[in-house]
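The values are calculated or read from the model by the stated rules, or taken from the named source; none is laboratory data. Because the structure is a prediction, the values reported are computed rather than measured. A quick note on method: Cβ atoms are made from the backbone with ideal geometry, for glycine too, and the neighbour counts reach across all protein chains shown. Note: accessible area is taken over every heavy atom of the protein model, side chains too, but ligands, DNA and RNA are not part of it. Shrake-Rupley method; radii C 1.70, N 1.55, O 1.52, S 1.80 Å.
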Amino acid sequence: MRPSRLHIPKHHSRPGETPDFSYLELAPAGATQRPDINTRVRDMNGLAFELVRVIDDGHTAVGPWNPHLDPPELQVGLRHMMLTRAFDDRMQRMQRAGKTSFYMRSLGEEAVAVAQGMALRPTDMLFPSYRQQGLYVVRGRPLVDLMCQLLSNTRDMCKGRQLPIMYHWRDGNIFSISGNLTTQFPQAVGWAMAAAIKGTDDIAATWIGEGSSAEADFHHAMLFASVYEAPVILNVVNNQWAISTFQGFAGGEHRSFAARGPGFGMAGLRVDGNDFLAVYAVTRWAAERARNGFGPTIIEHVTYRGAAHSTSDDPARYRPKDDYERWPLGDPVERLKNHLIDLGEWSEERHAALAKEMDEHVVASWKEAVTYGTLTEAPRLDAHLMFEDVFKEMPEHLKKQEAELRAERAEK
Amino acid sequence: MAQMNMIQALNSAMDIMLGRDPGVVILGEDVGFFGGVFRVTDGLQRKYGEHRVLDTPIAEGGIVAAAIGMGVNGLRPVAEIQFADYIYPAYDQIVSELARLRYRSAGEFFAPVTIRTPCGGGIRGGQTHSQSPEGVFAHVSGLKVVMPSNPYDAKGLLISAIEDDDPVVFFEPKRIYNGPFDGDPNKPAVPWSTHPKGDVPEGYYTVPIGKCDVVREGGDVTIVTYGTMVHVCEAAARSLGLDAEIIDVRTMVPLDVETLVNSVQKTGRCVVAHEATRFGGYGGELSATIQEECFWHLEAPILRVAGWDTPYPHAFEWEYFPGQARVAAALRTVMEAAA
């Protein structure tokens, strides 16, 4: 007889060790079947355990999931990813220079937000987490507006109430980022239920990290989406890390996150999250499925958090320094770039020129944004804005407190 | 006018709003085909269909989250949490999301959700079917909190809540669903047909959120209370022969401070009574607010009457419940205090 035992999920590698990604179950590009959108869940459970990949190691698009996008569309996708990365790089440096309090980069995960944003309709409602800034780039929100939010300045869309990166955009159909994890997941399902009740063909899409799938809200979202067959895409961005905690502690050791889907009777897909074409293709598939009344899909994006969790985090304390370079699924920007070069539709020169253009655009946007103030430099927001929007109309007790603050400031 | 108990009045409010506004939807556990465990949504699914009155999984967090998403998509959801004691799995969605969505998005997004939930004891519910957690929600910025004490107010306040663009947590004291209960469990039950507030208009009307109701004018002492305790306090004051001014707070947030202050400045004495636990409870907020505004008019310290600071025990329900004796004791103390 063996004594009972407590299993502690084992980290793939620690600082100073050689990164070991042998735990990943990979598949060659083109190997995974593409079922019709009306396929019953029970007939495609395997998708949750396989890996949809399109761009192969020779940079060629292969297999049934190839979305056959035209080169100009691919170039737009590359441009969006590169702008996202240039924006992230500059904002990281501005935080280090003390201009903002906080930032979160999406390095290595750009294909998820950008390809998905492009695969959905502008009227589809997006409920992102904090690492899908690419959605704002795809939907065309000026960077200046995002920067003003980061700066909590006089043009801050959040009026100084939210931590940097917690954007929202009603007119762009992008929901407010909470800061509390996973809360948006079941809300997106509710939104999708309402779309179906109203009889529209708009769908909702929402994103969390694999670590956040541990929250009860994940279960609520999966349950409500499957019970009501809501037109929603539930994305789990498995970037392997929840701050310092690797995906094994969210339950990723024994089953893929996509496999939560079949457990609920929901379509589950596992996709190479660094493969722009694969992410685009599975999103279109899930969107058409939802839009045509065949129900929700959970998509697990297998990717890697190339940067720190946030500017407050130091990954050198818990993982090898060179692990991102050794990530077996590569870098999403490099992979799309090489694919375009392979097609004869791109070159190193054009790539360098585009990178420069993106940097210049970011720098020019920043120069404009700071003219509207920073967290510490004038012009500044009126502190009395804190009393607005608690309720639609300000009740008496808040009017009274606002007057107290006014008096308190007058005495200074 | 019709004779209605609170269940019928609340049902009528939802019936009217489902009819007036195609965006109104009802969701909750057992609310659809069955009509709710307290029958408050009885017949509504039959009348308006399965897409307007939705049975849900047993997942309060999911119910409220789904309601928020629906509200963001232009609907006006009324979510039922079967017992207030079950509301805590939804607490994060209510406090971190529903209450603050308008604020954090600077007014771009909001979810006009009403959460109905039966509260209070006196029905042999034990510690998981008797709680009064209104104070827990009143403490949260961005929520309106309501608790009616009679059928007329219940219907008018629920219509106001559903029409309100801010989130409202709507507590229904279940002990008085069927009749005004004066705190004496040994007396035969009294139906709402014996009470003037059981006369309820059949059509649309509203009772404003943010206004107290002076249930009885008087000069000796002000009793500030709400929910089931309105009826207990009325009986206690009557038994002492006091000319008490009794104020039904009705909405915890926003609080109608003016009505309270005017009364206590007139009477100079005040007892605050609720069924919820005392420590850190909403009565402390009432008492402190009144003291700040009325200190120089007070003839005696403001006393609180409340449930004990224990869970609500099944076998000792009536020893726990702040009945007439506890209210009367506080009233006597306040009246005997020397000016």
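Between A and B, buried accessible area summed over both sides at probe 1.4 Å, in Å² to the nearest 100?
Separately minus together, A and B give about 3400 Å² buried.
If the only charges are +1 at each Lys and Arg Cβ and -1 at each Asp and Glu Cβ, what is the size of the charge dipole of chain B around the Cα centre, to the nearest 20 debye?
Around 280 debye, computed over chain B.
Based on the mean of other beta carbon atoms within 10 Å per residue, what is the order of A:14-27, B:116-129, most packed first? Spell out each step's value before the answer.
Values: A:14-27: 12.5, B:116-129: 20.6.
Ranked by mean Cβ neighbours within 10 Å, highest first: B:116-129, A:14-27.
Under 8 Å for C-alpha pairs, at least 6 residues apart: give me the relative contact order for region B:2-200, rounded to a whole percent.
That works out to 25 percent.
Beta carbons within 10 angstrom, averaged per residue: use that to sort the peptides A:214-223, B:219-228, B:303-312, A:367-376, highest first.
B:219-228, A:214-223, B:303-312, A:367-376
How much of the accessible area of chain A, in percent, comes from carbon and sulfur atoms when a 1.4 Å probe is used?
49
Roughly how large, in nm² to one decimal, is the mean projection of the convex hull of the alpha-carbon atoms in region A:1-141?
Numbers: hull surface 61.0 nm².
Reported value for the Cα convex hull: 15.2 nm².
Tell me the trypsin sites (Lys or Arg not before Pro) within region B:221-286 that lie in a loop according to DSSP and have at most 12 other beta-carbon atoms within 10 Å. Please list the in-between numbers first.
On the way: sites: B:R238, B:R250, B:K266, B:R269, B:R278; in loops: B:R250, B:R269, B:R278.
Passing sites in region B:221-286 do not exist.
Given R₀ = 51 Å, what would the calculated FRET efficiency be for B:A337 paired with B:R124, taking r from the Cβ atoms and rounding to 0.05?
With a Förster radius of 51 Å, E is 0.85.
Can you give me the Kirkwood hydrodynamic radius for region A:119-267, using every pair of distinct Cα atoms, in Å to one decimal? Spell out each step's value before the answer.
Values: mean 1/r = 0.0620 Å⁻¹.
Evaluated over region A:119-267, this radius sits at 16.1 Å.
Kindly express, to the nearest 10 degrees and within the range 0 to 90, the angle between helix A:184-198's C-alpha long axis and the longest C-alpha principal axis of chain A.
Between the helix axis and the principal axis of chain A, the angle is about 80 degrees.
Viscosity 1.567 mPa s, temperature 4 °C: give me the Stokes-Einstein translational D for region B:232-282 in µm²/s, with Rh taken as the Kirkwood radius over C-alpha pairs.
104
So, for the protein assembly as shown, what is the accessible surface per residue at a probe of 1.4 Å, expressed in square angstrom?
In whole numbers, the protein assembly as shown has 39 Å² accessible per residue.
At 4 °C and 1.567 mPa s, what whole-number value in µm²/s does Stokes-Einstein give for the translational diffusion of region B:242-339, with Rh from the Kirkwood sum over Cα pairs?
Working: Rh = 14.2 Å.
It comes out at roughly 91 µm²/s.
Return the aspartates and glutamates within reach of A:K321: Cα separation strictly under 14 angstrom, same-chain partners fewer than 8 residues apart disregarded; answer none if there are no such residues.
Filter leaves A:E17, A:D20, A:D313.
Compute the FRET efficiency between A:R79 and A:E288 as 1/(1 + (r/R0)^6), taking r as their Cβ-Cβ distance and R0 = 22 Å, and round to the nearest 0.05.
About 0.30, to the nearest 0.05.
With 24 Å as the limit, write out which pairs from A:K159/A:K367; B:K174/B:K211; B:K144/B:K174; A:K400/B:K197; A:K159/A:K392; A:K198/B:K174 have Cα-Cα distances beyond it, or answer none. Each step should come with its number before you reach the end.
On the way: A:K159/A:K367 20 Å; B:K174/B:K211 22 Å; B:K144/B:K174 20 Å; A:K400/B:K197 34 Å; A:K159/A:K392 15 Å; A:K198/B:K174 34 Å.
Table pairs above 24 Å Cα-Cα are A:K400/B:K197; A:K198/B:K174.
Using the Karplus curve 6.51 cos²θ - 1.76 cosθ + 1.60 with θ = phi - 60°, what ³J(HN,Hα) values do you get for each residue of region B:97-109, in whole Hz, with x for Gly and Pro?
Karplus-based 3J(HN,Hα) across region B:97-109 equals 10, 4, 5, 10, 4, 4, 5, 5, 9, 6, x, 6, 10 Hz.
Provide a whole-number value for the mean count of partner chain Cβ atoms within 10 Å of the Cβ atoms in peptide B:94-103.
Averaged over the peptide's residues, the number is 5.
Would you pull out the residues with amide H under 5 Å of A:A267's amide H, same chain only if 5 or more places away, H placed 1.01 Å from N?
A:I298
Given the protein chains as shown and a 1.4 Å probe, how many square angstrom of B:E258 are accessible, to the nearest 10?
Here the accessible area works out near 120 Å².
Output needed for region B:1-92: three equivalent-ellipsoid semi-axes, defined as square roots of 5 times the C-alpha gyration tensor eigenvalues, in descending order, whole Å.
Its equivalent ellipsoid spans semi-axes of 21, 16, 12 Å.
Report the relative contact order of region A:41-381, percent, no decimals, based on alpha-carbon pairs under 8 angstrom and at least 6 residues apart.
After rounding, I find 27 percent.
What relative contact order, as a whole-number percentage, does chain B give when Cα pairs under 8 Å and 6 or more residues apart are counted?
Rounded, it is 16 percent for chain B.
Check each residue of region A:164-191 and keep those whose accessible area, probe 1.4 Å, is at least 20 Å² smaller with all protein chains in place than in the chain alone; give them in order of residue number.
The answer is A:H168, A:R170, A:F175, A:S176, A:S178, A:N180, A:T183, A:P186, A:Q187, A:G190, A:W191 - residues whose exposure falls by at least 20 Å² when every protein chain is included.
Using θ = phi - 60° and the Karplus relation 6.51 cos²θ - 1.76 cosθ + 1.60, list the HN-Hα couplings for region B:299-311 in order, rounded to whole Hz, with x at every Gly or Pro.
With coefficients 6.51, -1.76 and 1.60, one gets 9, 7, x, 6, 10, 10, 10, 7, x, 5, 7, 10, x Hz.
At a Förster radius of 35 Å, what calculated FRET efficiency corresponds to the Cβ-Cβ distance of B:A325 and A:R170, to the nearest 0.05?
Plugging the Cβ-Cβ distance into 1/(1 + (r/R0)^6) gives 0.05.
Out of region B:48-94, which GluC sites (Glu not before Pro) are coil in DSSP terms and have no more than 12 other C-beta atoms within 10 Å? Please list the in-between numbers first.
Numbers: sites: B:E50, B:E60, B:E80; in loops: B:E50.
Those satisfying the criteria are B:E50.
Can you give the log10 of the normalised intensity I(q)/I(0) at q = 0.07, 0.10 Å⁻¹, computed with Debye over equal Cα scatterers of chain B?
-0.27, -0.56
What list of ³J(HN,Hα) values in whole Hz, one per residue of region A:150-163 in order, does the Karplus curve 6.51 cos²θ - 1.76 cosθ + 1.60 (θ = phi - 60°) give from phi, with Gly and Pro shown as x?
Running phi through 6.51 cos²θ - 1.76 cosθ + 1.60 with θ = phi - 60° gives 4, 8, 6, 9, 5, 10, 5, 4, 9, 6, x, 9, 10, 4 Hz.
How far apart, in nm, are the 7 Å Cα→Cβ label points at B:W318 and B:K47?
Computed distance between label sites B:W318 and B:K47 equals 3.8 nm.
In the protein assembly as shown, what percentage of the DSSP-assigned beta bridges are antiparallel, given to the nearest 5?
15
Run the accessible area of region B:2-200 with a 1.4 Å probe and give the carbon-and-sulfur part as a rounded percent.
Numbers: 3170 of 6050 Å².
That fraction is 52 percent.
Taking only the alpha carbons of region B:70-140, what extent do you get along each of the three principal axes, in Å, biggest first?
45, 23, 16
List the residues whose amide H sits under 5 Å from the amide H of B:G28, counting only those 5 or more places along or on another chain, with H placed 1.01 Å from N in the peptide plane.
The list, which skips near neighbours in sequence, is B:L54, B:T56, B:E80.
Amide H to amide H under 5 Å from B:R216: which residues, 5+ apart in sequence or cross-chain, H placed 1.01 Å off N in plane?
For B:R216, the qualifying residues are B:I246.
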